[in-house]
1. Of the listed pairs Lys121/Lys181; Lys204/Lys226; Lys121/Lys155; Lys155/Lys265, which have alpha-carbon separations greater than 22 Å here?
2. Roughly how many whole Å is it from the C-alpha centroid of region 258-333 to that of region 119-159?
3. What distance in nm separates the two pseudo spin-label positions at Glu113 and Phe231, each 7 Å out from Cα along the beta-carbon direction?
4. Using the heavy atoms of the protein chains alone and a 1.4 angstrom probe, what is the accessible area of the chain per residue in square angstrom?
5. Determine one quarter of the surface area of the Cα convex hull of the chain, which equals its mean projected area, and express it in nm² to one decimal.
6. On the protein heavy atoms, probe 1.4 angstrom, tell me the percent of accessible surface of the chain carried by carbon and sulfur.
7. When the Karplus curve 6.51 cos²θ - 1.76 cosθ + 1.60 is applied with θ = phi - 60°, which whole-Hz ³J(HN,Hα) does each residue of region 54-66 get, with x for Gly and Pro?
8. Using 20 Å as the cut-off for backbone N distance, which residues of region 231-274 belong to the label zone defined by a point 7 Å from the Cα of Val313 along Cα→Cβ?
Amino acid sequence: MKIHNFSAGPSILPQEVMQQAAQAVKELDGSGLSLIEISHRSKAFVAVMEEACERALRLTGLEGKGYKALFLQGGASQQFLMAAYNLLEKKAGYINTGTWSTKAMKEAQLFGEVVEIASSKDHNFNYIPENYMVPSDLDYLHLTTNNTIFGTQFKEIPDTQVPLVADMSSDIFSRTWDYSKFDLFYAGAQKNMGPAGTTLVLVKEELLGKVSRSIPSMLDYAVQIKGGSMFNTPPVFAVYTSLLTMRWIEEQGGLEALGTKNSIKATHLYGEIDRNSKFTGFVATKDRSEMNATFNLTDPELAAPFDALCEKVGISGLKGHRSVGGYRASIYNALPMKSVETLVDCMQILENNH
Ligand SMILES: *Cc1c(COP(=O)(O)O)cnc(C)c1O
């Protein structure tokens, strides 16, 4: 049976990418050697890393604009502390939209004063805060562009005078945006780009070198830039697979084409959540994520029949995060429209049967 993979992360990757990655583990480009048994300093792998960095800059429209791309380890969680380590001298502002922002704030507090500029905690993070003041004396303002757990997403980039830092783990490469409004952004690969094990970081170089503390080499963006993301042995498989996904994105027509497809998928699913009397959405309509749709049954008694319907057609990974409950459909770039249609069918059958 074909499985419809709605997992929040690690999550679905394009079939083509999976096949090419599997092939490269057997043999990289006719070299007689596997991707995972050659030196990261070999010509073949250096070319992989260089192309991956170039493509990340190109996809985000940041080529020639003073940015560097890095593929690091430690996940997005390591960027919570690394961003603060490198940028926070006195005071930083955070917009708190849930679990991930809260964790980022906690790490930053080790390095300086952290101000919560706005929060949606009062309604269990079911909306994106608006109408807040951003002080001009911050070292940076940090936000999470898409909250994977609660299913909220920034639709507009806040206007600020201070450098803007963003965790884009769950919506990187999902839409066109003016990425140059961000001075530093990062994304763990395992949501919308590749397997777990690497984190893409895009950083404006002029932002660096301004804090007075000394920074351990591994956690210093400047050191990582100088080493071309190879200060130590990089996660070769995760970087290579991320590169394959970026090639795939370009073949799909780039971020504009993917953004359109993602909107169509999200509109179809949210349309059914709104129409169907058995379901209710979790998030304020205007802030709904096009990557993670969270919803609940209006009658909890229907959980068993709905879960059975989903299981029968091969729907996997739909269970909501424990802090929200209900369901979460992660509809990342690689999830086909067919999977969304299959889910919507199950929702309609449930309504007709009860
Ligand atoms: C998954 C996720 C993280 C955590 O990523 P790790 O790579 O596991 O550290 C952080 N932020 C967001 C928005 C996420 O979705």
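1. Numbers: Lys121/Lys181 26 Å; Lys204/Lys226 14 Å; Lys121/Lys155 19 Å; Lys155/Lys265 17 Å.
Beyond 22 Å between Cα atoms: Lys121/Lys181.
2. 22
3. Going by the 7 Å Cα→Cβ label model, 2.9 nm.
4. Normalised by residue count, the accessible surface of the chain is 43 Å².
5. Numbers: hull surface 71.9 nm².
With every direction weighted equally, the projected area is 18.0 nm².
6. About 51 percent, which is the carbon plus sulfur part of the accessible surface.
7. Couplings: 4, 5, 4, 5, 5, 4, 8, x, 10, 4, x, 10, x Hz.
8. 262-274
The values are calculated or read from the model by the stated rules, or taken from the named source; none is laboratory data. Small disclaimer: the values here were computed from a predicted structure and weren't measured. Heads up, the Cβs are rebuilt from the backbone with ideal geometry, glycines too, and the neighbour counts pull from every protein chain shown. Surface accessibility is based on the protein's heavy atoms, side chains included, excluding ligands, DNA and RNA. Shrake-Rupley method; radii C 1.70, N 1.55, O 1.52, S 1.80 Å.
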